[in-house]
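One structure, pasted below without further comment.
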Amino acid sequence: MNPSFDLQEYLTNGVEKVVAGSLRATMKNPKESAFMVKFAAASKKATKKRKALNTQGEHIPPFLIASITSSCNLHCAGCYSRCNNATTDDDPVRQLKSEEWLDIFKEAEELGVSFILLAGGEPMLRRDIIEAAGSMKNILFPIFTNGTYMDEKYMKLFDKSRNLVPVMSIEGNKESTDLRRGEGIYDRLISNMDELKRRGLIFGTSVTVTTENYEDVVSDSFIESLADRGCKVIIYVEFVPVTDEAKHLAPTDKEREFMKSSIDILREKYPQMLFVSFPGDEKSSGGCIAAGRGFFHINSHGGAEPCPFSPYSDVNVRDTSLREAMHSKLFSMLRDGDYLMEDHNGGCILYEKKDQVEALLNTK
């Protein structure tokens with residue numbers, strides 16, 4: 001591992017690099033160029049704001065993950081969200097409204113949060129919230145989507161609001177993707193990518209890494225196929241087994257070491273792209289960055305959780321401010337203890353320590 005690797009700095013600088021590259025490529029489009037210039041300035045301003053608060057003893061994470069819906073149209077094999085009952089086929093009740101999410105986005109901007117990852121369920125089912133996010137031009141919103149709702153109306157919204165960046169889930173080749181996500185999904189994703197490139201829109205991909213696809217998803221053929229279609233960001237997330245039947249898919253030390261060395265090479269070979277690995281980059285960067293160290297998670301009902309893989313909460317943003325939620329009792333105990341810094345076997349240290357996290361919730 002590289003002890004000098006700083007995940008937060010890499011992400012911040014990497015996004016600014018992608019923005020700068022897009023600026024150079026779109027100088028003939030004054031509207032887009034103006035947005036890129038403004039966002040780059042806003043990103044630097046947000047960083048200064050967080051640093052100023054840090055000198056006063058208050059740490060503000062640069063990232064927030066917002067699961068804006070608990071609904072999804074797919075049943076992907078081994079989905080952690082469905083196994084945790086965070087995603088269901090039932091009609092959602094008491095989910096945060098778009099107005100409530102907009103208030104959260106506004107407070108996040110005031111605090112210096114630069115990036116809010118929109119997740120679900122399938123976030124593109126909540127067009128109202130994504131449209132609200134598009135109005136927050138100083139925040140970049142990666143949208144983690146299965147890509148099945150990317151219609152003409154969304155394409156026009158992405159063109160109008162360049163701070164909305166679709167990040168489509170893909171498992172590698174056609175066979176691997178359709179096996180996990182459903183027949184025809186791969187072809188739909190490729191069609192989306194080609195259309196996004198045609199329109200000159202930035203997009204990324206998210207890859208769930210398993211023992212079955214880890215070699216394919218870092219191969220030159222896979223990376224070049226995405227790069228040729230205009231992909232700017234690839235996010236690798238280790239598969240987290242939530243059932244005994246799926247444990248054989250969880251990467252071991254062998255696969256993790258292969259992924260780490262491969263991603264180091266990819267960062268050198270494809271400097272125009274951003275490569276992120278969880279939890280690999282976290283471990284290289286000094287431990288898990290959940291629970292407010294680098295990010296935290298708000299579920300569709302407003303519960304503030306350490307991360308999507310650790311669905312435990314002792315505070316709801318309906319009842320408190322975002323700032324107070326960042327300093328909840330549960331988050332503070334997780335950060336002050338050794339829970340986030342220890343080595344672990346799977347893709348999520350807090351998932352492995354769920355019994356201990358549950359015990360903390362009962363601490364008086």
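Would you point out which residue out of 143, 130, 202, 223 is at pLDDT below 95, among the hydrophobic types (A, V, I, L, M, F, W, C) and either touching a helix residue (DSSP H, G or I) at 6+ places or on another chain (Cβ under 8 Å) or within 29 Å of residue 107 (Cα to Cα) (or both)? Quick ask: steps written out before the conclusion?
Values: 143 fails: at pLDDT below 95; 130 fails: at pLDDT below 95; 223 fails: at pLDDT below 95.
None of the others qualify; the one that does is 202.
Just checking, which of 347, 337 is open to solvent by less than 30 Å² (accessible area, probe 1.4 Å), within 21 Å of the chain's Cα centre (by Cα) and at pLDDT below 85? Give the steps one after another, and end with the answer.
Values: 337 fails: within 21 Å of the chain's Cα centre (by Cα).
Just a single option satisfies the conditions, and that option is 347.
What are the residue pairs meeting all of these: first residue in the stretch 46-70, first residue under 16 Å from residue 293 (Cβ atoms) and open to solvent by less than 30 Å² (accessible area, probe 1.4 Å), second residue outside any loop (DSSP other than H, G, I, E, B) and among the charged types (D, E, K, R), Cβ atoms under 7 Å, and 6 or more apart or on different chains?
60/50; 62/50
Go through the stretch 175-226 and count every residue that is more than 21 Å from the chain's Cα centre (by Cα) and of a type in the set (Val, Ile, Thr).
Selection size over the stretch 175-226: 1.
Also, I was wondering about something else. Quick one: how many residues across the stretch 319-334 are surrounded by 17 or more Cβ atoms within 10 Å (Cβ to Cβ), modelled with pLDDT of 85 or more and in a helix (DSSP H, G or I)?
4
Conditions: (1) at pLDDT below 90; (2) part of a helix (DSSP H, G or I). Residue 92 meets all but one. Number of the miss?
Answer for residue 92: the failing condition is (2).
Does any residue of the stretch 109-119 turn out to be touching a residue at least 60 places away in the same chain (Cβ under 8 Å), part of a helix (DSSP H, G or I) and charged (D, E, K, R)?
yes
Let me ask something else about it. Among the listed residues 143, 116, 104, 139, which satisfies the condition of being of a type in the set (Val, Ile, Thr), touching a Phe, Trp or Tyr at 6+ places or on another chain (Cβ under 6 Å) and open to solvent by less than 40 Å² (accessible area, probe 1.4 Å)?
On the way: 143 fails: touching a Phe, Trp or Tyr at 6+ places or on another chain (Cβ under 6 Å); 104 fails: touching a Phe, Trp or Tyr at 6+ places or on another chain (Cβ under 6 Å); 139 fails: touching a Phe, Trp or Tyr at 6+ places or on another chain (Cβ under 6 Å).
Matching residue, one of 143, 116, 104, 139: 116.
Related question: Give 243, 177, 205 a once-over and let me know the one that is under 19 Å from residue 75 (Cβ atoms) and in contact with a strand residue (DSSP E or B) (Cβ under 9 Å, 6 or more places away or on another chain). Lay out the reasoning, then the answer.
Details: 243 fails: in contact with a strand residue (DSSP E or B) (Cβ under 9 Å, 6 or more places away or on another chain); 205 fails: under 19 Å from residue 75 (Cβ atoms).
One residue alone meets the criteria, 177.
Conditions first: (1) more than 21 Å from the chain's Cα centre (by Cα); (2) modelled with pLDDT under 90; (3) of a type outside the set (Asp, Glu); (4) part of a loop (DSSP other than H, G, I, E, B). Residue 295 passes all but one, so which condition is the exception?
Single failed check for residue 295: (1).
Restricting to the stretch 128-157, name every residue that is part of a helix (DSSP H, G or I) and within 18 Å of the chain's Cα centre (by Cα).
129, 130, 133, 134
Take the stretch 252-284 and flag every residue that is modelled with pLDDT of 90 or more and outside any helix (DSSP H, G or I).
270
Taking the condition surrounded by fewer than 20 Cβ atoms within 10 Å (Cβ to Cβ) and closer than 21 Å to residue 305 by Cβ, does residue 128 pass?
Values: surrounded by fewer than 20 Cβ atoms within 10 Å (Cβ to Cβ): yes; closer than 21 Å to residue 305 by Cβ: no.
Criteria not met by residue 128.
Still on this structure, please answer the following. Of everything in the stretch 220-240, what is in a loop (DSSP other than H, G, I, E, B) and open to solvent by 30 Å² or more (accessible area, probe 1.4 Å)? Give them in sequence order.
Scanning the stretch 220-240 gives a single hit, 229.
How many of the residues in the stretch 178-204 are in a helix (DSSP H, G or I), touching a residue at least 24 places away in the same chain (Cβ under 8 Å) and open to solvent by 40 Å² or more (accessible area, probe 1.4 Å)?
Keep residues of the stretch 178-204 that are in a helix (DSSP H, G or I), which gives 178-181, 185-198.
Narrowing the set further to residues that are touching a residue at least 24 places away in the same chain (Cβ under 8 Å) leaves 179-181, 185, 188-190, 192-197.
Then keep just the ones that are open to solvent by 40 Å² or more (accessible area, probe 1.4 Å); that gives 179-180, 188, 194-195, 197.
Residues flagged as in a helix (DSSP H, G or I), touching a residue at least 24 places away in the same chain (Cβ under 8 Å) and open to solvent by 40 Å² or more (accessible area, probe 1.4 Å) within the stretch 178-204 amount to 6.
Of 217, 207, which residue is assigned to a helix (DSSP H, G or I) and buried (at least 21 other Cβ atoms within 10 Å of the Cβ)? Show your work before the answer.
On the way: 207 fails: assigned to a helix (DSSP H, G or I).
Among 217, 207, only 217 is assigned to a helix (DSSP H, G or I) and buried (at least 21 other Cβ atoms within 10 Å of the Cβ).
The values are calculated or read from the model by the stated rules, or taken from the named source; none is laboratory data. Being a predicted model, the structure only gives us computed values, none of them experimental. As a convention, Cβ positions derive from the backbone with ideal geometry for all residues, glycine included, and neighbour counts pool all protein chains shown. In case anyone asks, the SASA skips ligands and DNA or RNA and just uses the protein heavy atoms, side chains included. Shrake-Rupley method; radii C 1.70, N 1.55, O 1.52, S 1.80 Å.
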